[in-house]
1. Residues in the range 30-39: is at least one closer than 30 Å to ASN169 by Cβ and either touching a helix residue (DSSP H, G or I) at 6+ places or on another chain (Cβ under 6 Å) or surrounded by 13 or more Cβ atoms within 10 Å (Cβ to Cβ) (or both)?
2. Kindly indicate the residue of the range 113-156 that is assigned to a loop (DSSP other than H, G, I, E, B) and in contact with a helix residue (DSSP H, G or I) (Cβ under 6 Å, 6 or more places away or on another chain) and also most open to solvent (accessible area, probe 1.4 Å) among those meeting that condition.
3. Among residues belonging to the range 80-135 that are under 22 Å from ASN169 (Cβ atoms) and small (Gly, Ala, Ser), point out the one that is nearest to the chain's Cα centre (by Cα).
4. Taking interchain pairs and intrachain pairs at least six residues apart, which have beta carbon atoms under 8 angstrom, with the first residue in the range 67-89 and small (Gly, Ala, Ser) and the second in a strand (DSSP E or B)?
5. Which condition does ASP86 not pass, out of (1) farther than 22 Å from ASP159 by Cα; (2) open to solvent by 70 Å² or more (accessible area, probe 1.4 Å); (3) modelled with pLDDT of 95 or more, if it passes all the others?
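The values are calculated or read from the model by the stated rules, or taken from the named source; none is laboratory data. Keep in mind that this is a model prediction, so the values were computed, not measured. Cβ: placed from backbone, ideal geometry, glycine included. Neighbour counts: every protein chain shown. Surface areas here come from the heavy atoms of the whole protein model, side chains and all, with no ligands, DNA or RNA. Shrake-Rupley method; radii C 1.70, N 1.55, O 1.52, S 1.80 Å.
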Amino acid sequence: MLEKHTKLETPIKAILKELNIDYSEKFIAELREILERGHEHIKPYPETMQVLESLKKKYKLGMITNTNFFSFSNLDSLFQVRKIFDAILTSYETNLLKPDPKLFKLMLKKLEVKENEVIIVGDSLEDDVKSAENIGIRGILIDRRSKHPSYKGRIISLDQIKNYLEANNH
């Protein structure tokens with residue numbers, strides 16, 4: 001995820017080698033095919049696009065994602081995320097992974113905002129929310145599976161973001 005590979009086989013082989021797993025070229029081809037077809041099953045939650053479009057009218061939007069080039073390219077071609085977000089940081093472009101605070105600081109710079117002017121919405125309490133909070137950014141956990149029911153800054157659907165922002169004077 002930390003490099004842009006033009007062939008999907010390259011990172012597959014690197015991962016298998018790192019894990020000390022023997023493989024054949026046939027296995028690599030089959031795995032590549034599975035990964036390439038994975039985007040066929042990607043779909044946003046029902047409210048996602050409408051909420052993002054609504055937020056974009058009032059706020060700058062940024063995306064930080066730990067992903068690889070192929071997955072992000074598919075996501076962008078399906079949903080035009082580069083048109084929705086004002087700034088996007090991917091792990092393969094930055095050579096950084098969440099929860100590295102450098103990613104959040106880089107996003108602040110790209111959006112030209114300060115820590116106290118930003119809210120991060122993420123689905124990982126540790127990698128998204130708490131890591132951002134550690135550098136002074138308020139976090140909202142989108143907890144669709146109720147893994148953290150006692151976490152105060154929690155929503156279970158993006159539909160709730162507008163009410164959360166209004167209730168917290170944003």
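1. Going residue by residue through the range 30-39, those that are closer than 30 Å to ASN169 by Cβ are none.
Looking through the range 30-39, none of the residues is closer than 30 Å to ASN169 by Cβ and either touching a helix residue (DSSP H, G or I) at 6+ places or on another chain (Cβ under 6 Å) or surrounded by 13 or more Cβ atoms within 10 Å (Cβ to Cβ) (or both).
2. Quick first cut of the range 113-156, residues assigned to a loop (DSSP other than H, G, I, E, B) only: 113-114, 118, 123-124, 134-137, 143-153, 156.
Those still in the list that are in contact with a helix residue (DSSP H, G or I) (Cβ under 6 Å, 6 or more places away or on another chain) too: 135-137, 148.
Details: ILE135: 35, GLY136: 46, ILE137: 8, HIS148: 66 Å².
That would be HIS148.
3. Ranking the candidates gives GLY122 first.
4. Matching pairs, first to second residue: ALA87/GLY62; ALA87/MET63.
5. If we test ASP86 against (1) farther than 22 Å from ASP159 by Cα; (2) open to solvent by 70 Å² or more (accessible area, probe 1.4 Å); (3) modelled with pLDDT of 95 or more, just (1) comes out false.
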